Amino acid sequence: MIRPLIYCETITQLESSILTIDSRIEELLTLRQQYLAAHEALRSAEDLTSTVEDRPAPSERAKTSVSI
């Protein structure tokens, strides 16, 4: 538990709160990495989708081909 600083009266209470804060920071940093990974995966998927959408359909490509 993170005891409000104003209520910490002993070294043990301060140390306990500090350990809890450090633990939560580690948990949040791990969660941040998961969000960054999901963000990158979604961005890659959107980039692939937009690349496919930018290409002309096969029938449109045939119309633009030059015959010799």
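The values are calculated or read from the model by the stated rules, or taken from the named source; none is laboratory data. On a predicted model such as this, the values are computed, not experimentally measured, just so you know. We place every Cβ from the backbone using ideal geometry, glycine too, and count neighbours over all the protein chains shown.
Structure notes:
- Ala38 vs. criteria of a type in the set (Gly, Ala, Ser) and modelled with pLDDT under 95: no
- Among the residues making up segment 1-41, those that are of a type outside the set (A, V, I, L, M), part of a loop (DSSP other than H, G, I, E, B) and surrounded by 10 or more Cβ atoms within 10 Å (Cβ to Cβ) are Arg3, Cys8.
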